[in-house]
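K.L.:
The structure under discussion is supplied below as structure tokens; questions concerning it will follow.
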Amino acid sequence: MQPDLSVVFPVYNEEENVPLLLDEIAKALEGKGWSYEILAVDDGSKDRSLEILREQVAKHPTLRVLALDKNTGQTAALDAGWRAARGRLVVSLDADLQNDPADIPAMMRKLEETASDMVIGVRVNRRDTFARKIQSRIGNGVRNWLTKDNITDTGCSLKLVKREAIDHVRLFTGMHRFLPTLVRMEGYKVIEMPVNHRPRQFGVSKYGAMNRAFRGLADCLAVRWMRERNLHYKVHEEGGR
């Protein structure tokens, strides 16, 4: 049966956060009247993240674990999860607990109430360093200027979208940040809503720790002509029901 919702998140060396995130997702969605599945995509973690995810399948029967055979990056991990998702709706979030799963039900209601195809989060009271906030603001401005879009927070991973709106969108490295723009270019309705943002409890940022300025500029230019390129990776699936 097709679930109402697929929850997708990439994992790269997040062994402390994974069990807590799974519990929070279950708490946010259980008993709300929606069926759901969880897809955790391990992106070649070097710690015990994959082992812990496999152990969590017994506790969370809706959990499906996708294991990429090597570290391919956040875009590839998200793309693998989106392609494997079975839900009518798909929501993505980070594994570091900074996104709040409690926001997901409100996003689902807003999608239905506004007859939209995608709801993207705008992080309020961001719990990041001053330097990271400034970098994000500059990055948002440049992306919107080059792509002629007006997305407030392109770096927020908490995004809810209808299955059909992303079926034909193909991504390459770094392009997950442009998903709302790509969805709009396909003629779908995209709206924004404020979401919670929390401080990281364990570890440090794995994705985005390096300087992305030149990569981001190249991605902006790529969006302008919608060049497609396939990602190549091997995926091994475990768990689920």
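The values are calculated or read from the model by the stated rules, or taken from the named source; none is laboratory data. In this text, all values refer to a predicted model and were calculated from it rather than measured experimentally. Don't worry about glycine lacking a Cβ; one is built from the backbone with ideal geometry, like all the others, and counts go over all protein chains shown.
K.L.:
Which of the following residues is touching a residue at least 40 places away in the same chain (Cβ under 8 Å), touching a helix residue (DSSP H, G or I) at 6+ places or on another chain (Cβ under 8 Å) and within 25 Å of residue 155 (Cα to Cα): 89, 20?
P.N.:
Numbers: 20 fails: touching a helix residue (DSSP H, G or I) at 6+ places or on another chain (Cβ under 8 Å).
Step by step, each of 89, 20 is checked, and only 89 is touching a residue at least 40 places away in the same chain (Cβ under 8 Å), touching a helix residue (DSSP H, G or I) at 6+ places or on another chain (Cβ under 8 Å) and within 25 Å of residue 155 (Cα to Cα).
K.L.:
Could you please tell me which pairs satisfy a Cβ distance under 6 Å, a separation of 6+ or placement on different chains, a first residue in the stretch 61-81 that is more than 14 Å from residue 9 (Cβ to Cβ), and a second residue that is among the polar types (S, T, N, Q) and assigned to a loop (DSSP other than H, G, I, E, B)?
P.N.:
73/173
K.L.:
With the requirement that a residue be at pLDDT 85 or above and in a loop (DSSP other than H, G, I, E, B), what does the stretch 169-198 give you?
P.N.:
Scanning the stretch 169-198 gives 187, 188, 189, 196, 198.
K.L.:
So the check is Cβ under 8 Å with 6+ separation or different chains; which pairs have a first residue in the stretch 26-37 that's crowded, with 18+ Cβ neighbours inside 10 Å and a second one that's modelled with pLDDT under 95 and assigned to a loop (DSSP other than H, G, I, E, B)?
P.N.:
37/240
K.L.:
Checking the conditions here, which among 78, 53, 66 is modelled with pLDDT of 95 or more, part of a helix (DSSP H, G or I) and within 19 Å of the chain's Cα centre (by Cα)? First the steps, then the outcome.
P.N.:
Numbers: 78 fails: modelled with pLDDT of 95 or more; 66 fails: part of a helix (DSSP H, G or I).
Selected residue: 53, the only one of 78, 53, 66 that is modelled with pLDDT of 95 or more, part of a helix (DSSP H, G or I) and within 19 Å of the chain's Cα centre (by Cα).
K.L.:
Looking at the structure I just gave you, is residue 21 in contact with a Lys or Arg (Cβ under 6 Å, 6 or more places away or on another chain) and either closer than 21 Å to residue 121 by Cα or part of a strand (DSSP E or B) (or both)?
P.N.:
Numbers: in contact with a Lys or Arg (Cβ under 6 Å, 6 or more places away or on another chain): no; either closer than 21 Å to residue 121 by Cα or part of a strand (DSSP E or B) (or both): yes.
In short, no.
K.L.:
State whether the residues of the stretch 136-157 include one that is in contact with a strand residue (DSSP E or B) (Cβ under 8 Å, 6 or more places away or on another chain), under 27 Å from residue 200 (Cβ atoms), modelled with pLDDT of 90 or more and part of a strand (DSSP E or B).
P.N.:
no
K.L.:
Confirm whether residue 51 is over 23 Å from residue 194 (Cα atoms) and touching a strand residue (DSSP E or B) at 6+ places or on another chain (Cβ under 8 Å). Break it down stepwise before answering.
P.N.:
Values: over 23 Å from residue 194 (Cα atoms): yes; touching a strand residue (DSSP E or B) at 6+ places or on another chain (Cβ under 8 Å): no.
So residue 51 does not fit the description; no.
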